[in-house]
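Below is one structure, written out as structure tokens; comments come after it.
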Amino acid sequence: MTQKLTVWYNTKCPVCNAGIDWQHSRLVRAARSGAIDFRDINLEPDALSGFGIGLAGSLMGVSGGSLSNIVLTLYGKPIHNAVATSAGLGVPITIVGTLGYILAGWHDRALLPPLSLGFVSLLGVVIMAPVATFTAPYGARLAHRLSRRTLEIAFSIFLLLISARFLISLF
């Protein structure tokens, strides 16, 4: 039996509705075939954990995908599915986070280094975006080659390193 893809959408968000409208015919075909289940996030408050993931990730300086992986595994998703979903979530989380940092630092432009847009370094974006785009497929292949237990241990070590970095930054 194949699993349905659950598409969360926000009926109160004009940008989300525009995204749904843009792919409307494709999504309707998939929904009619039973491959997609549409769910409104406003009707299921537990789904708002995504807001908490994004907020915590941006405050700690880590990817929201890392934190969403934790939430997904806590809700019983297999680690390989959680990693794949988290990787997909990384792009929208990054876009929203970047816009947030641009807006947050907009009033401090005179105090920021050159080539900055708010608190976002354009030089960093130009260097990191191509590197991340190039290496992402390799990371995905590696994650799918690893056994469930090995992937869990690797992710745990990653989280320990992130936690140590966060704790060190407090002092």
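The table for this structure:
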| item | result |
| --- | --- |
| Contour minus Cα-Cα distance for residue 8 and residue 163 (0.36 nm per residue) | 52.8 nm |
| Cβ-derived FRET efficiency at R0 35 Å, residue 70 paired with residue 111, nearest 0.05 | 0.50 |
| For the chain: Kirkwood Rh in Å [reciprocal of mean 1/r, alpha carbons] | 18.5 |
| Fully extended contour minus Cα-Cα distance, from residue 103 to residue 42, at 0.36 nm per residue | 19.4 nm |
| Low-density loop positions, chymotrypsin sites (Phe, Trp or Tyr not before Pro), region 28-89 - DSSP coil, at most 14 other Cβ in 10 Å | 75 |
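Only the coordinates and a few stated rules stand behind these numbers; no lab work does. Nothing here was measured: the structure is a model prediction, and the numbers come from that model. Positions of Cβ are backbone-derived with ideal geometry, glycine not excepted, and every protein chain shown enters the neighbour counts.
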